[in-house]
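*Asks:* Below you'll find the structure I mean.
What follows is calculated from the coordinates using simple rules that are stated; it is not laboratory data. What you are looking at is a predicted structure, and each value in this text was computed from that prediction instead of being measured. Virtual Cβ from ideal backbone geometry, glycine too; neighbours counted across all protein chains shown.
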């Protein structure tokens, strides 16, 4: 009864519970009625769905865990049915996405700075605030169940504090709270509170919109898209998987890229094709950039060799390997971390083992180890992940502006290695799941300046060719076509960036075909 009006309320039997801890009878008439606030009427247990959501928030807060990894395990552990699993998912993800807004509200309702609260209490308050302000949960059930959860897993004293604070929260709706908190604020600060993003990310995304040729006025739509629960994207590996089972389970064919589907039928792990690995969970944006590299024209000699320079955990590598098998090519998947290299091997196992190889090592070394050894090279560079905030809601609160600067040297060094590794006439795809200018166009512009042997290919045209629509309008507004940027609020994908770079032939002429 996770989200209904009863909400797992405790029951009271007349005449029962009238003695205190010392065994003395309380001075109350036997037939006295009880209010909802009476101690014997308060819920004293943790509703399983809310307990799962609480455990997810605790793991994220105290262990730096990722919600998308913790949540499925907790749902299985507590044996939630489909309805309760859906409630727990919405509660956990919703509280994480809107944490900035809720913390601003809670700061007005607590008599001390939030960083002085026990972290478990703060997580319980966030869950309560989300139920009160953003879910179709009756206020009395949200209060009752959150206090019951606190009593069961934190303690009676904290439960009383949580009860008092949430009653203050419930005195206004979300619109009223937001109006008060943003009154007199500048647009960036107001958006940060109302749409629950750190101010530095709001600024960075505004700059990214402008830098990629879109209007800064789209920032509200972009932030809203970050806060919307994403649909699971599936891809059937070409030549290996099919989507029939997923379609039978209620999935809808994807409208953006071939062999894709949108799935909202619950635990995708129940699909046999997913368990076998021939159908995979992969954002449509990731599918598009992999297909754009595999399908772009180039002019090199002999059977093609492909390289995925940063292959872990293996999603793009699996799609590239399947495409390579269809095109008579082979793939080397490189991953520096041994445990992630094993994930890559698992992802690649459905593909003919003669097509692929996994290397464990630093991708920055491959350019020197195999100079001009590959026809197509993917650099899926480590980045801040600002393009996938809708799928990783905790990331926005973990990232700091300094992360951008710290990642920049690695991104440039990996791209340098890829440029060294690609053959004349071959292509390098520089890809990030971030639209941040410092991680996208700045890196590419710097590489082109330092590597006169490289030139920008038409990334937008390659992306269009890989899509079902043929007109993604993902290129830069000035019409150079040198880079392409996907957006959650425009394309319904993660904010994937793509730049295709072509190595010129020895004569200096362009190597690609129009």
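*Asks:* Listed highest first by mean packing, meaning other Cβ atoms within 10 Å per residue, what order do 101-111, 59-69, 124-134, 362-372 come in?
*Replies:* Final packing ranking: 124-134, 101-111, 362-372, 59-69.
*Asks:* Can I ask one more? Assuming R0 = 45 Å, can you tell me the calculated FRET efficiency for the pair residue 270 and residue 403, based on Cβ-Cβ distance, to the nearest 0.05? Please report the intermediate quantities before stating the final value.
*Replies:* Working: r = 36 Å, r/R0 = 0.80.
Calculated transfer efficiency: 0.80.
*Asks:* Helix 284-295 sits at what angle to the longest principal axis of the chain, using alpha carbons and giving 0 to 90 degrees rounded to 10?
*Replies:* In the chain, helix 284-295 runs at an angle near 10 degrees to the longest axis.
*Asks:* Mean projection of the alpha-carbon convex hull of segment 193-274 over all orientations, in nm²?
*Replies:* Values: hull surface 29.7 nm².
Result: 7.4 nm².
*Asks:* Oh, and also: Show me the ranking of peptides 249-260, 425-436 by mean Cβ neighbours inside 10 Å, starting with the highest.
*Replies:* Most protected by this proxy first, the peptides run 425-436, 249-260.
*Asks:* A further question follows. For segment 39-174, what value does the Rg/Rh ratio take when both radii are computed over Cα atoms and Rh is the Kirkwood radius, given to two decimals?
*Replies:* Values: Rg = 13.7 Å, Rh = 14.7 Å.
Result: Rg/Rh = 0.93.
*Asks:* Relative to the longest principal axis of the chain, what angle (0 to 90°, nearest 10) does the C-alpha long axis of helix 48-63 take?
*Replies:* 60 degrees
*Asks:* While we're looking at this one, here's another question. Add -39500 (n - 2.57) for each DSSP H run of 4 or more in the chain, then divide by its residues: what number comes out at 222 nm, to the nearest 500 deg cm²/dmol?
*Replies:* The helix contribution divided over the chain gives -13500 deg cm²/dmol.
*Asks:* Looking at (1) 22.7; (2) 26.9; (3) 23.9, which value of mean projected area of the Cα convex hull in nm² comes from a calculation on the structure shown?
*Replies:* Recomputing mean projected area of the Cα convex hull in nm² here gives the entry labelled (2).
*Asks:* Mind checking the angle between helix 119-134 and the chain's longest principal axis? C-alpha axes, 0 to 90 degrees, to the nearest 10.
*Replies:* 90 degrees
*Asks:* What FRET efficiency comes out for residue 168 versus residue 228 if R0 is 30 angstrom and r is the Cβ-Cβ distance? Round to the nearest 0.05.
*Replies:* E between residue 168 and residue 228, to the nearest 0.05, is 0.60.
*Asks:* Please compute the length gained on full extension between residue 112 and residue 185, using 0.36 nm multiplied by the number of residues separating them and subtracting their Cα-Cα distance.
*Replies:* Length gained between residue 112 and residue 185: 24.0 nm.
*Asks:* Now, a different point. Within segment 192-235, which residues have the backbone N less than 20 Å from the label spot 7 Å out from residue 65 along Cα→beta-carbon, could you tell me?
*Replies:* none
*Asks:* Residues of segment 345-381 with backbone nitrogen within less than 16 Å of a virtual label 7 Å along the Cα-to-Cβ line of residue 453, please, listed as ranges.
*Replies:* Under 16 Å, as judged by backbone N against the label point of residue 453, lie 365-377 of segment 345-381.
*Asks:* I've got another one for you. Percent antiparallel among DSSP beta bridges with both residues in the chain, to the nearest 5?
*Replies:* Bridges in the chain that DSSP calls antiparallel: roughly 55 percent.
*Asks:* So, R0 is 25 Å and r is the distance between the beta-carbons of residue 73 and residue 175; what FRET efficiency does that work out to, to 0.05?
*Replies:* Computed FRET efficiency for residue 73 and residue 175 comes out at 0.10.
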